[in-house]
Amino acid sequence: MTEKKPDLKSMTREEVEAFAEAAGEKRYRGRQLYEWMHAHQAASFDEMKNLPEAWKRRLSETCEYTVLTPLRRQVSAEDGTKKYLFALADGHVVETVFMPYRFGNSVCVSSQVGCRMGCRFCASAIGGWERDLTPAEILEQVYAVERENGKISHVVVMGTGEPLDNYDSLVRFVRLLSDENGRHLSQRNITVSTCGLVPQIKKLAQEGLQITLALSLHAPDQKKRLELMPVANRYDIHEAVEACLAYAKDTGRRVTFEYSLIEGVNDSGEDAEQLALLLKGSGGHVNLIPVNPVAERTFRRSRRAAVEAFKNKLEKNGINVTIRREMGRDIDGACGQLRRRHISETREG
Ligand code: SF4
């Protein structure tokens, strides 16, 4: 078995400093290395001008320095959204999306290769879970997109994978991304989306982070949620919503409820009434998303009129709601599709 190399970009500043010391370098060299990695997002050791050449050579031979380069890139002619497919060192691929908004640029990152949650409407679930991403691999999706597009103001962890199923890497990623000595992105501009892993939501509430939590709800009641999301077998819809509301109370951060509208499945007037009842008095915000069709699934997106009617009904019942602006429609929006296409083409090839 080959020994795992130290993963430099996943280390905290203190860990990099201790690592430098253990290698016979001065502690401040570790700090310099940390700043090159996170404040300057250096794509190679060559860029790290003030570090000793011999140490850089040793680092490059003995350590993991995660840098992602795009394997494929799709650019929307409509709104400038860019979908990236990045190759990982072991040959797996991950999908990342860059979205230019008026209020600033946003990037949606993946947290795992594949996903074991099995949501019926999701392309990422089809091939199952392959492995967790390291903190460096999640971070590098942001850094690689920034190298090409300039500074990002918001990061959403909503791509392939269930972030709280890769809990330790997720928390470390958030701390590294927001560290004032590194990339220093405000935690308030980071959103983490979960399908509702209740114990991890409770744990996350105690981490002292200021991130926004989004619950992928997608159903107004337990029966419908069970049909769409196997996670509901483990954690009842009420339990998941309550855990999110407790998160909001503990952290002072508003929770968002994501709701993908699927024609004839969860988009009726009755569904809207049920949803309003479920979230009554929660103070949460509902994000309506017309579901993206997935080739391997039969779900169809709700019609515009049904989406509007759903929104109006929620508003009449006192629920805050927005319809998510669709980005990159012309580049085949559904998350996980580009990766699936790449995998099947590679196999056929
Ligand atoms: S929607 Fe999210 S949690 Fe569900 S299968 Fe897809 S990636 Fe996993």
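Counting only residues 5 or more places away or on other chains, whose amide H sits under 5 Å from the amide H of R301 once H atoms are built in the peptide plane?
Sorted by chain and number, the residues that satisfy this are E263.
Counting each pair of different Cα atoms once, what's the Kirkwood radius of the chain in Å, rounded to one decimal?
The Cα-based Kirkwood calculation yields 21.2 Å.
Tell me the label-point distance for the pair K203, N320, using the 7 Å Cα-to-Cβ offset, in nm and rounded to one decimal.
That separation, rounded to one decimal, is 2.9 nm.
Please tell me the relative contact order of the chain in percent, rounded to the nearest whole number, where contacts are Cα pairs under 8 Å and at least six residues apart. Present the calculation step by step, with values, prior to reporting the outcome.
Working: 641 pairs, mean separation 50.6, N = 349.
Relative contact order, the chain: 14 percent.
Which GluC sites (Glu not before Pro) in the range 77-164 pass both tests, a DSSP loop state and at most 14 other beta-carbon atoms within 10 Å?
Hits after loop and neighbour filter: E78.
Obtain the nm distance between the two label points defined at Y101 and R73 by a simple spin-label model: each point lies 7 Å from its Cα along the Cα-to-C-beta direction.
Distance between label points: 2.3 nm.
Using the Kirkwood formula over every pair of different C-alpha atoms, what hydrodynamic radius in Å results for the range 8-62?
Over the range 8-62, the inverse of the mean reciprocal pair distance is 11.0 Å.
Which one of Y235, V321, I152 is farthest out on the positive end of the charge dipole of the range 70-348, using unit charges on Cβ (Lys, Arg +1; Asp, Glu -1) and the Cα centre as origin?
My answer, from the dipole projection, is V321.
Report the FRET efficiency, 1/(1 + (r/R0)^6), for E21 and A305, where r is their Cβ-Cβ distance and R0 is 45 Å, rounded to 0.05.
Details: r = 65 Å, r/R0 = 1.44.
Taking R0 as 45 Å, the efficiency between E21 and A305 is 0.10.
Any chance you could check the Cα centroid distance between the range 1-29 and the range 151-180 for me, in angstrom?
Each part reduced to its Cα centre gives a spacing of 22 Å.
Which residue, chosen from A87, Y101, V171, occupies the Cα position most advanced towards the positive end of the dipole of the chain, where the dipole is computed from +1 (Lys, Arg) and -1 (Asp, Glu) charges on Cβ about the Cα centre?
Working it through, the farthest residue towards the positive pole turns out to be Y101.
Where nothing but the Cβ of Lys and Arg (+1) and of Asp and Glu (-1) is charged, how large is the charge dipole of the chain around its Cα centre, in debye to the nearest 20? Write out the running numbers ahead of the final one.
Values: 51 positive and 49 negative charges, 113 e Å.
Here the chain has a charge dipole of around 540 debye.
Pop out the ³J(HN,Hα) list for the range 5-21 in order, Karplus 6.51 cos²θ - 1.76 cosθ + 1.60 with θ = phi - 60°, rounded to Hz; leave Gly and Pro as x.
Once θ is set to phi - 60°, the couplings for the range 5-21 become 7, x, 9, 4, 6, 8, 8, 6, 4, 4, 5, 5, 5, 5, 5, 4, 4 Hz.
Nearest 0.05, what FRET efficiency do D250 and R188 give at R0 = 22 Å with Cβ-Cβ as r?
In this case the efficiency is close to 0.90.
Which ³J(HN,Hα) values, rounded to whole Hz and listed in residue order, are derived for the range 90-107 from phi using the Karplus coefficients 6.51, -1.76 and 1.60 in 6.51 cos²θ - 1.76 cosθ + 1.60 with θ = phi - 60°, glycine and proline given as x?
Per residue, the Karplus-derived 3J(HN,Hα) values read 8, x, 5, 10, 10, 10, 9, 10, 9, 10, x, 10, 4, 7, x, 8, 10, 10 Hz.
Would you mind putting 46-59, 187-200 in packing order, based on average other-beta-carbon counts within 10 Å, highest first?
By packing density, highest mean first, the sequence is 187-200, 46-59.
Using amide H atoms built 1.01 Å from N in the peptide plane, name the residues 5+ places from L185, or on other chains, whose amide H lies under 5 Å from its own.
Long-range HN contacts for L185: S178, D179.
About its Cα centre, how strong a charge dipole does the range 197-299 have in debye, to the nearest 20, once Lys and Arg get +1 and Asp and Glu get -1 at the Cβ?
Dipole of the range 197-299, to the nearest 20 debye: 420 debye.
Among V286, V156, V265, whose mean-square fluctuation peaks in a Gaussian network model of the chain (Cα, cutoff 10 Å)?
V265
So what is the 222 nm mean residue ellipticity for the chain from helices alone, if each DSSP H run of at least 4 adds -39500 (n - 2.57) and you divide by all residues, rounding to the nearest 500 deg cm²/dmol?
-11000 deg cm²/dmol
So for the chain, taking the charge dipole from beta-carbon charges (+1 Lys/Arg, -1 Asp/Glu), which of Y247, A276, C122 sits furthest toward the positive end?
Working it through, the farthest residue towards the positive pole turns out to be A276.
Check S193: other-chain or 5+ apart residues with amide H under 5 Å from its amide H, H built from backbone geometry?
V157, A214
Counting other Cβ atoms within 10 Å, which trypsin sites (Lys or Arg not before Pro) in the range 66-168 have at most 12 and lie in a DSSP loop?
When the trypsin sites (Lys or Arg not before Pro) of the range 66-168 are filtered for loop state and at most 12 Cβ neighbours within 10 Å, R102, K151 remain.
What spacing in nm lies between the two simple spin-label points modelled at E242 and N149, each 7 Å away from Cα in the Cβ direction?
4.0 nm
Rounded to the nearest 20 Debye, what is the dipole magnitude of the range 8-62 about its Cα centre when Lys and Arg each give +1 and Asp and Glu each give -1 at the C-beta? Write down the numbers at each step before the final one.
Details: 10 positive and 10 negative charges, 18 e Å.
Magnitude of the dipole: close to 80 debye.
Once phi is turned into ³J(HN,Hα) by the Karplus curve 6.51 cos²θ - 1.76 cosθ + 1.60 with θ = phi - 60°, what whole-Hz value does each residue of the range 277-282 show in order, with x for glycine and proline?
5, 4, 9, 3, x, 7
Which of D90, D165, D330 moves the most in a Gaussian network model of the chain with Cα springs under 10 Å?
Highest fluctuation of the listed residues: D90.
Here, each number is a calculation from the coordinates, and none is a lab measurement. Because the structure is a prediction, the values reported are computed rather than measured. All Cβ positions, even for glycine, are placed from backbone atoms using ideal geometry, and neighbour counts span all protein chains on display.
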